Structures are given as structure tokens and as C-alpha cells.
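Taken together, the values in this text are just the output of simple stated rules run on the coordinates, not laboratory data. Keep in mind it's a predicted model, so treat the numbers as computed, not measured. Ideal geometry is used to build each Cβ from the backbone, glycine not excepted, and the neighbour counts take in all protein chains shown.
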Amino acid sequence: MRNTVAPFPATRLRRARKSPALRALTRENALSTDDLIWPIFVRDGEGVVEPVPSMPGVNRLSIDKAVEAAREAHALGIPAICIFPYTDPALKTESCEEAWNPDNLSNRAIRAIKAAVPEIAVMTDIALDPYNANGHDGIVRGGEIVNDETVEALVKMALAQAEAGADILGPSDMMDGRIGAMRRALEAAGHPNVAILSYSAKYASAFYGPFRDAVGASGALKGDKATYQMDPANSDEALRLVERDLLEGADMVMVKPGMPYLDICRRVKDAFGVPTYAYQVSGEYAMLQAAAANGWLDGEKVMMESLLAFKRAGCDGILTYFAPAVARLLAGR
């Protein structure tokens with residue numbers, strides 16, 4: 001629908017920008033703490049707060065410190081956190097069996113956080129790269145990332161996380177058919193209310209580098225992920241992937257990375273009208289932090305502007321490492 005605008009000077013569009021009050025009254029989109037999911041990295045140990053060099057302000061946390069982070073998030077009004085593990089390299093194998101160990105790092109963190117802060121939603125990551133000796137999201141056979149065997153492993157991983165108390169499962173692997181397989185398994189195992197936020201349109205992006213450092217996967221990765229993650233040149237394909245995941249039982253869908261793919265966010269929201277999320281990934285975060293540290297950008301302003309862009313593009317929420325800083329700013333703290 002096109003808006004009708006009278007010719008100048010009957011219409012002076014600057015009138016609505018005259019003051020903070022008028023700008024507030026005519027603002028089309030708003031960001032709130034309800035829009036935030038905070039990704040955190042967990043590792044073994046106790047009392048550990050280990051900085052991630054390529055992500056200033058982000059740390060790997062031992063489980064006790066992750067519980068403290070969950071308490072902080074809840075106090076700030078952040079509705080959900082997402083757990084990513086930094087797995088001991090000695091536990092990484094080609095068969096990735098640590099991924100569905102009920103007592104692996106992620107599952108212990110889920111249980112600890114839900115016991116301490118039951119009100120906060122705990123989201124998890126479902127992909128094999130933190131547990132894979134080859135660094136890939138799927139099982140590697142003869143140089144190929146095999147789909148169907150990987151899906152079987154991912155289903156076991158999903159069930160273990162659901163048993164640990166996860167509220168939202170985040171399959172980020174991009175294997176074909178994994179959403180339907182997980183949903184059927186969850187129903188059969190008595191977990192009908194566990195939500196799936198599918199990484200439906202996850203691109204084979206160069207923006208993931210700092211994240212792979214944070215989870216310890218970069219050194220292990222052999223080759224690239226172009227055979228299973230999306231080609232950055234494609235747009236229509238994203239809609240086919242989203243539709244497939246919704247038909248298979250996904251409750252929510254995600255576009256990843258975020259800012260370079262705002263057009264995809266908009267297309268997904270317009271086409272399906274479902275809960276749509278984006279991940280402001282590690283490379284996006286690191287770029288903004290580096291520019292702010294060098295005095296090239298106003299860090300606080302670009303942080304807020306970048307997140308508002310996701311809302312403008314139709315997103316219902318954003319996974320962002322800025323979540324605590326944004327929540328404090330919105331609360332005036």
C-alpha cells in the first residue's frame with residue numbers, strides 16, 4: 001500500500017522530526033529487552049572467566065559463572081540465553097559421541113542454569129562441530145559431510161538436551177530433514193513442548209571466524225562448509241528452506257548472519273509471517289567493537305542502530321553478544 005503525500009509545502013516531512021517527542025510519536029519500530037537472546041560460551045572448570053581475544057568483552061565461562069550470567073540476564077529482563085560449549089579437544093572424535101552424552105558440558109550447564117534461574121529460557125545449539133575432530137557440523141566420511149548419518153546423531157543430541165531441560169533447541173547444522181526427525185523424536189520421547197528455533201537460512205559466511213575461535217573449532221576445521229551451508233549469492237533458496245523447516249515442525253526460524261542478510265529477514269517475514277530471528281554473529285560484533293575501540297565509531301550508538309535494523313527488517317528477536325549492554329542501556333543503568 002502506497003502512502004499519499006501532498007505536495008510541498010502542504011507536506012513538510014521534517015515536521016515529524018522537529019523534537020524528541022514528535023520523533024517518538026512517529027517512530028515505526030522499537031527495540032526492547034524482550035527482543036534479545038544472549039549467546040554465552042561455557043567451558044570446564046570453576047571460577048573461570050576466560051576472554052575470547054577476537055571478541056572483546058566476551059568470555060568463556062565455567063558453569064558456575066554461566067549461572068551468574070543467567071542470573072544477570074534475568075535481572076536485566078533478557079528472556080533467553082543460548083549455550084555454546086568450548087569442548088576439551090580430547091573429547092573430540094570423528095563419530096562425535098560426546099555430542100549426546102547426557103553429562104557433557106552443555107547438558108550440565110543447562111541443568112545448572114534451569115535449577116538456579118528457572119524463569120529464563122535456555123536455548124541450545126544442535127550441531128556437531130564442537131565435538132567433531134574434523135571441525136564440521138556433520139559427520140565426515142571419505143571427505144564428505146554425510147547427511148543422513150548426521151541427522152541420526154543430531155536427533156540423539158536433541159533428545160539429550162531436552163532431557164537436560166532445554167526450552168529451545170537451535171539446530172544450526174543445515175542438514176536436510178533434521179527438523180522433521182527431531183520433532184518426531186521429541187514427540188515420541190514425551191517432549192512435545194520443547195520448541196525448535198531452526199537455523200533455516202544459515203549462509204556459508206566468512207563472518208563466523210571469531211565464533212569458531214570461541215568454541216575451539218577453527219583449528220580443527222578441514223576444508224569449508226559450502227556443501228551444506230547456503231551460498232551467499234542465493235535468496236529464493238532461503239524461502240524454500242524456511243518453508244521446509246516450518247512444514248517439518250519448526251516453531252521459529254532464523255537467518256544467519258544478520259546485518260549482511262537483512263533482505264532475507266524481510267523476505268522471510270513477509271512470506272511466512274512466523275516468528276523470525278536473526279543472529280548478529282561474532283564477526284559483526286567484532287567489527288563494531290574494533291571500530292569503537294579505535295574511535296572510528298560511537299560504539300553505543302552503532303550497537304543500538306545495528307539492532308534496530310533487525311527490527312525494521314521484520315525480526316521478532318536477535319541473538320546478540322551485545323544483549324547485556326543493550327538491556328542496561330534500555331533500562332537507563
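Measure out, as a whole number of angstrom, how far apart the alpha-carbon centroids of region 79-115 and region 1-64 sit. Taking the Cα centre of each part, region 79-115 and region 1-64 sit 30 Å apart.
Nearest 20 debye, what's the magnitude of the dipole of the chain about its Cα centre given +1 on Lys and Arg Cβ and -1 on Asp and Glu Cβ? Could the numbers behind the result be given before it?
Values: 36 positive and 43 negative charges, 398 e Å.
So the magnitude is around 1920 debye.
Using a ≥ b ≥ c from the Cα gyration tensor of region 31-330 (square roots of the eigenvalues), is it rounded, prolate or oblate, where a/c under 1.5 gives rounded and otherwise the larger of a/b and b/c decides, a/b for prolate?
Values: a/c = 1.28, a/b = 1.12, b/c = 1.14.
Taking the square roots of the gyration eigenvalues as a ≥ b ≥ c, region 31-330 is rounded.
Quick one: net charge around Asp103, please, counting Lys, Arg +1 and Asp, Glu -1 for every other residue with C-beta under 12 Å from its C-beta. Don't jump to the answer; show the numbers that get you there.
On the way: positive: Arg108, Arg111; negative: Asp44, Glu98, Glu163.
Residues close to Asp103 contribute a combined charge of -1.
Note down the net charge around Asp236, summing +1 for each Lys or Arg and -1 for each Asp or Glu among other residues with Cβ under 15 Å from its Cβ. Combined, the nearby Lys, Arg, Asp and Glu give -1.
Our coupling estimate for region 196-206, obtained by passing each phi through the Karplus curve with A = 6.51, B = -1.76, C = 1.60 and θ = phi - 60°, is 10, 9, 7, 6, 6, 10, 10, 8, 6, 9, 8 Hz, Gly and Pro reported as x. Considering only Ala206, Ala292, Ala112, and ranking their Cα positions along the charge dipole of the chain that arises from unit charges at the beta-carbon of Lys, Arg, Asp and Glu, the one farthest toward the positive end is Ala292.
Under the classification rounded if a/c is under 1.5, otherwise prolate if a/b is larger than b/c and oblate if not, where does region 82-183 fall, given a ≥ b ≥ c as square roots of the Cα gyration tensor eigenvalues? Verdict is oblate for region 82-183.
Amide H contacts of Ser200 (H built 1.01 Å from N, in plane; Pro and chain starts excluded): Met254 sit under 5 Å, all sequence-distant by 5 or more or on other chains.
FRET efficiency for the pair Val302 and Ala188, taken as 1/(1 + (r/R0)^6) with r the Cβ-Cβ distance and R0 = 45 Å, rounds to 0.45. Exposure proxy shown here: for Leu239, Leu329, Leu169, the number of other Cβ atoms within 10 Å sets the order, fewest to most, as Leu329, Leu239, Leu169.
Give me Cys82, Cys265 ranked fewest to most by other Cβ atoms within 10 Å of their Cβ, as a rough exposure proxy. Don't jump to the answer; show the numbers that get you there.
Values: Cys82 20, Cys265 28.
Exposure proxy ranking, most exposed first: Cys82, Cys265.
A viscosity of 0.890 mPa s and a temperature of 25 °C, combined with the Kirkwood radius over C-alpha pairs in the Stokes-Einstein formula, give region 118-247 a diffusion coefficient of 160 µm²/s. Under 5 Å from the amide H of Cys82 lie the amide H atoms of Trp38, Ile40, Met123, each residue being 5 or more positions distant or on a separate chain, with H modelled from the backbone and absent for Pro and chain starts.
Each Lys or Arg adds one and each Asp or Glu takes one away; over the other residues whose Cβ falls under 12 Å from the Cβ of Leu221, this sums to 0. Sorting His191, His136 from the fewest to the most surrounding beta carbons within 10 angstrom yields His191, His136.
Largest mean-square fluctuation among Leu247, Leu128, Leu307, in a Gaussian network model of the chain whose springs join Cα atoms under 10 Å apart, belongs to Leu247. Just checking the listed ones, Val140, Val242, Val155: in the Gaussian network model of the chain with Cα springs under 10 Å, the one fluctuating most is Val140. Cβ-Cβ distance of Ala90 and Glu68, R₀ of 22 Å, FRET efficiency by 1/(1 + (r/R0)^6): the value works out to about 0.25. Taking the helices alone, the chain has a mean residue ellipticity at 222 nm of -11500 deg cm²/dmol, built from -39,500 (n - 2.57) per DSSP H run of at least 4 residues and averaged over all its residues. With R₀ fixed at 35 Å, the C-beta to C-beta distance from Ala291 to Glu144 puts the FRET efficiency at about 0.35.
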